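See structure below.
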Amino acid sequence: MRAVLCGYYGMGNGGDEALLAALLQMLPAGVTPVVLSGNPGETAQRYGVEAVPRKAPVAVLRALRSADAFIWGGGSLMQDATSLQNPIYYGGLMALAQVMGLKTIAWAQGVGPLTRPLSQRLARYVLRRCAGVSVRDGASAQLVGGWNVPVWQGPDPVWALDSRPVEGLWDLPAPRVAVALRSHPWLTSERLDQFTEALVGFQKATKTCVLLVPFQPAKDLAIAEQIQAHLPGPNHLFCLNDPRQLKGLFRGVEMTIGMRLHALIMAAAEGCRCFALSYDPKVSQVMADLDLPGWDLNPAAATGANDWPTEVNQMTQQWLEHYANGEPLSPDQIQSRTDRAFMHQELLQERLFSARIYP
């Protein structure tokens, strides 16, 4: 069986690369993947798979014609919070695959927010015609289930991704704290200055080595470098291309301050304390699921205890409190989520090889 894998792949985003690595890890034996990628050469070399340009119509159509199945890879593909282009691109490809008679699966999705009627209709149309649908959070399950679509729900598959050691990590002084921020309109220059000043105070108080981890260097590296320039103590900037190493990095870390969703998931899965900065419902959902402390960057959120602090000292104190007294997930909690994340693998095994194309 040949299966076209479609997601935000080859775009330099560590979280989406981790989802691709997890999907390739979970694909049943006998399935040959063809990955739609923003950088097909790099994708082919890194994972040893066939890859084609994701925005080249002729190449994509040729890949679909040669395939038996089409899999939306994990992540928030069907959402219009950033742009209407997302649901049109991903929904359009899914609809085309269905018209061509391919077996289609929506895998480990975070569906929504969908604020436009066109986005909602398109998502409902294609999901109803999928052979299988799995989601990674309760809000997505409720939304999709409300459309009378049978849905499987499990933790993000990155919980189950194999991790690899990072060369040189253990040569850095301990204890270590990781920071993974991303650019966003709500992370204003004033807030970033405030964050940096608070982190300087935290490092002076704890004598920690700060690891700066840009998950998508094209968007995150400038922020990491700006913070690094002000740190008074030991620090290191890690730009890792292998998502399995990216996950393995957190095994040697005491606490992570994370804005990136998969930084929090990877850190929690590796037994690290986590402090979250939420810019999106998906981050707020993982905060609630894991009972993580943190702040909401949305100025209109008005969530009380989770509001962005007004004082630098307040930020530093909250980090110090969590560093000293916070607890990582227990081994049993980590194992439970890892085991349940393999539900996404069970979906692939059951639905790819079933006789039916649609439910």
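The values are calculated or read from the model by the stated rules, or taken from the named source; none is laboratory data. Computed from a predicted structure; not experimentally measured. So basically every Cβ, Gly included, is an ideal-geometry build from the backbone, and we count neighbours across all protein chains shown.
Before moving on, here are some points about what is shown:
- Qualifying residue in region 250-272 (condition: in contact with a Gly (Cβ under 6 Å, 6 or more places away or on another chain) and surrounded by fewer than 20 Cβ atoms within 10 Å (Cβ to Cβ)): no
- The one condition in (1) in contact (Cβ under 8 Å) with a residue 12 or more places away in the chain; (2) within 30 Å of N241 (Cβ to Cβ) that G138 fails to fulfil: (2)
- When region 96-105 is filtered for residues that are surrounded by fewer than 21 Cβ atoms within 10 Å (Cβ to Cβ), more than 14 Å from V133 (Cβ to Cβ) and touching a strand residue (DSSP E or B) at 6+ places or on another chain (Cβ under 9 Å), the ones remaining, listed by number, are L96, M100.
- Identity of the residue in region 22-32, of a type in the set (G, A, S) and surrounded by fewer than 22 Cβ atoms within 10 Å (Cβ to Cβ), that ends up farthest from M343 (Cα to Cα): G30
- Looking at R182, R244, R251, just one residue is closer than 23 Å to L290 by Cα, in a loop (DSSP other than H, G, I, E, B) and in contact (Cβ under 8 Å) with a residue 60 or more places away in the chain, and that residue is R182.
- Of all residues in region 106-128, those being in contact with a strand residue (DSSP E or B) (Cβ under 7 Å, 6 or more places away or on another chain) and either farther than 12 Å from A69 by Cα or surrounded by fewer than 24 Cβ atoms within 10 Å (Cβ to Cβ) (or both) number 6.
- Failed item, numbered, when L348 is tested on (1) closer than 30 Å to F195 by Cβ; (2) at pLDDT 95 or above; (3) in a helix (DSSP H, G or I): (1)
- Residue check for F275: of a type in the set (F, W, Y), modelled with pLDDT of 95 or more, in contact with a helix residue (DSSP H, G or I) (Cβ under 9 Å, 6 or more places away or on another chain) and assigned to a helix (DSSP H, G or I): no
- Residue count for region 218-233, restricted to those that are outside any helix (DSSP H, G or I) and either surrounded by fewer than 15 Cβ atoms within 10 Å (Cβ to Cβ) or aromatic (F, W, Y) (or both): 4
- Among the residues listed as P150, P157, the single one being outside the structural domain of Q245 (by TED's automatic domain parsing), touching a residue at least 24 places away in the same chain (Cβ under 8 Å) and buried (at least 17 other Cβ atoms within 10 Å of the Cβ): P157
- Filtered residues of region 160-183 (kept if surrounded by fewer than 23 Cβ atoms within 10 Å (Cβ to Cβ) and of a type in the set (G, A, S)): A160, S163, G168, A174, S183
- Only listed residue being outside the structural domain of M11 (by TED's automatic domain parsing), touching an Asp or Glu at 6+ places or on another chain (Cβ under 8 Å) and acidic (D, E), chosen from D280, D289: D289
- Qualifying residues in region 152-184 (those that are among the β-branched types (V, I, T) and out of contact with any Ser or Thr (no Cβ under 7 Å at 6 or more places or on another chain)) - the one nearest to G271 (Cα to Cα): V158
- Looking across region 284-307, the residues that are within 26 Å of P175 (Cα to Cα) and part of a helix (DSSP H, G or I) come down to V286, M287, L290.
- Near pairs, Cβ below 7 angstrom, 6+ apart or cross-chain, from region 16-28 (over 20 Å from G38 (Cα atoms)) to any residue that is acidic (D, E) and surrounded by fewer than 20 Cβ atoms within 10 Å (Cβ to Cβ): Q25/D162
- Each residue in region 290-332 was checked for being closer than 21 Å to G138 by Cβ and surrounded by 16 or more Cβ atoms within 10 Å (Cβ to Cβ), and 8 pass.
For every residue, the table says whether it meets (1) on the phi < 0 side of the Ramachandran plot; (2) surrounded by fewer than 20 Cβ atoms within 10 Å (Cβ to Cβ); (3) at pLDDT 95 or above.
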| site | (1), (2), (3) |
| --- | --- |
| V34 | yes, no, yes |
| S37 | yes, no, yes |
| R46 | yes, yes, yes |
| V49 | yes, yes, yes |
| V58 | yes, yes, yes |
| D68 | yes, yes, yes |
| M78 | yes, no, no |
| Y90 | yes, no, yes |
| L93 | yes, no, yes |
